[in-house]
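Enquirer: I have a structure here, written as structure tokens, and I will follow up with some questions on it.
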Amino acid sequence: MTEPYYYRTEVEWTGQKRGELRSPMLPDIRIATPPEFNGHAGAWTPEHLFVSAVNSCFMTTFLAVAEMSKLEFTSFKSDAVGKLEKVEGQGYMITEVIICPRLTILHARDTDRAGRILEKAEKNCLVSKSVRSAVKIEPLIEVSAESEAEDVGALA
């Protein structure tokens with residue numbers, strides 16, 4: 001087994017329902033309770049940070065799996081939405097995170113493989129595996145228009 005890694009953060013209350021999130025060598029982030037819970041608009045909330053942790057881990061895991069698989073792609077962008085609801089006997093929980101990656105691949109022949117790579121990234125994302133929330137992906141895979149033109153030219 002490898003040595004464990006540790007990630008340190010610090011939160012400091014700055015008044016009302018606001019604070020700052022810090023970590024060594026990283027920029028500070030303003031945080032607050034969300035407006036839905038009598039907090040403040042315009043600041044990151046724990047709920048946003050939770051969903052962004054799942055989404056950003058999915059992206060970095062995808063990049064690693066795609067690189068190992070030698071998948072040629074031209075763009076990757078991912079939206080994610082977390083569902084916060086009151087669960088009987090447990091209080092408020094983010095019960096589900098839906099990740100909607102949009103991937104543009106270079107070759108149409110890689111469409112199915114790209115889908116499998118996205119699924120593998122979701123299954124191997126350490127944050128997804130570490131939370132109790134259901135994590136689902138709803139991918140959109142497109143083929144680069146430039147590649148399609150090249151493929152048609154090669155057939156002529």
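Enquirer: Just to be sure, is L71 in a strand (DSSP E or B), surrounded by 13 or more Cβ atoms within 10 Å (Cβ to Cβ) and in contact (Cβ under 8 Å) with a residue 24 or more places away in the chain?
Expert: For L71, the condition - in a strand (DSSP E or B), surrounded by 13 or more Cβ atoms within 10 Å (Cβ to Cβ) and in contact (Cβ under 8 Å) with a residue 24 or more places away in the chain - is not met.
Enquirer: Is one or more of the residues making up region 128-145 modelled with pLDDT under 95, more than 29 Å from L84 (Cα to Cα) and open to solvent by 40 Å² or more (accessible area, probe 1.4 Å)?
Expert: The answer is yes; a qualifying residue exists.
Enquirer: Next question, about the same structure. Cβ contacts < 9 Å: first residue part of a loop (DSSP other than H, G, I, E, B) and surrounded by 14 or more Cβ atoms within 10 Å (Cβ to Cβ), restricted to region 13-26; second residue at pLDDT below 95 and hydroxyl-bearing (S, T, Y), any location; separation 6+ or different chain. Result?
Expert: Close Cβ pairs satisfying both conditions: none exist.
Enquirer: Could you please find all residues in region 32-52 being open to solvent by 30 Å² or more (accessible area, probe 1.4 Å) and within 20 Å of G91 (Cβ to Cβ)?
Expert: Residues satisfying the conditions are T33, P35, E36, F37, N38, P46, E47, H48, L49, F50.
Enquirer: Follow-up question, since we're still on this one. Just a yes or no: is a residue in region 77-95 β-branched (V, I, T), at pLDDT 95 or above, open to solvent by less than 40 Å² (accessible area, probe 1.4 Å) and part of a helix (DSSP H, G or I)?
Expert: no
Enquirer: Also: Can you name the condition, by its number, that V152 falls short on among (1) at pLDDT 95 or above; (2) open to solvent by 80 Å² or more (accessible area, probe 1.4 Å)?
Expert: Failing condition for V152: (1).
The values are calculated or read from the model by the stated rules, or taken from the named source; none is laboratory data. Small disclaimer: the values here were computed from a predicted structure and weren't measured. A quick note on method: Cβ atoms are made from the backbone with ideal geometry, for glycine too, and the neighbour counts reach across all protein chains shown. When the accessible area is computed, the model is the full protein with side chains, heavy atoms only, and any ligands, DNA or RNA have been set aside. Shrake-Rupley method; radii C 1.70, N 1.55, O 1.52, S 1.80 Å.
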